[in-house]
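The next block holds one structure in the form of structure tokens; read it before the comments.
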Amino acid sequence: MKLISWNIRGLNGPGKNRILKNMIKQEKPQIVFLQETKCNSSALDRFAAKVWPVSFNDTVDADGAFGGLEIVWDSRAIKLDNIHASRNFLQATFHIIGTNIHGLSTNVYFPQEASLKVGILNTLSAINMTGHTLYGFLEETLT
């Protein structure tokens, strides 16, 4: 399975749209995880349909200029089910079509505030990570 995970820091501009579209064309991933999209779901839906027509997507809206998550996947290669979303997580079970490979995948947005990051890390530490993939971007190490 080939994937892209990118803290895109805003997907509203044509430059980043073009870069991501070209990256998808060149790399041909089966799944893309985006963090900090700074977009609402309707803008992300339009982007996914335009850039990757055979894809499905699920999103978490940004809160103003903060956050926003998206998972975009090739529906011919991957099946996502049991999708759960919160402000900081977008989680789904996945199955790679034509194989016995399946698991749980989580796309994470870590906010700037350290106390909120600690709360998210505590939540993540409680998850059974067997067969689990985690994507996201933590901008600083907490000590």
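The ranking of D81, D61, D45 from fewest to most other beta carbons within 10 Å of each one's beta carbon is D81, D45, D61.
Sorted ascending by nearby beta carbons within 10 Å, beginning with the fewest, V118, V108 become V118, V108.
One compactness figure for the chain is 1.02, namely its Cα radius of gyration divided by 2.2 N^0.38 Å. Amide H to amide H distances under 5 Å link F110 with F137, where only residues 5 or more positions off or on other chains count and H is placed in the peptide plane. Orientation-averaged projection of the stretch 1-79 equals 4.5 nm² [convex hull of Cα atoms, one quarter of hull surface area]. If you take the Cα centroid of the stretch 88-103 and the Cα centroid of the stretch 4-40, the two points sit 20 Å apart.
With label points built 7 Å along Cα→Cβ from the Cα atoms of K2 and R76, find their separation and express it in nm. Label-label distance for K2 and R76, simple model: 1.3 nm. Neighbours of L80 by Cβ distance under 14 Å: Lys/Arg scored +1, Asp/Glu scored -1, total -2. In the neighborhood of G10, defined by Cβ-to-Cβ distances under 11 Å, what is the net charge if each Lys or Arg adds +1 and each Asp or Glu adds -1? Residues close to G10 contribute a combined charge of +2. The residues neighbouring G103, those whose beta-carbon lies less than 14 Å from its own, together hold a net charge of 0 under the Lys/Arg +1, Asp/Glu -1 convention.
For a label point 7 Å from the Cα of K21 along Cα→C-beta, name the residues of the stretch 58-77 whose backbone N is under 18 Å from it. From the stretch 58-77, the list is 72-73.
Quick note: the coordinates plus some simple rules give every number you see, no bench work behind them. Bear in mind the structure is a predicted one, so any value in this text is a computation, not a measurement. Positions of Cβ are backbone-derived with ideal geometry, glycine not excepted, and every protein chain shown enters the neighbour counts.
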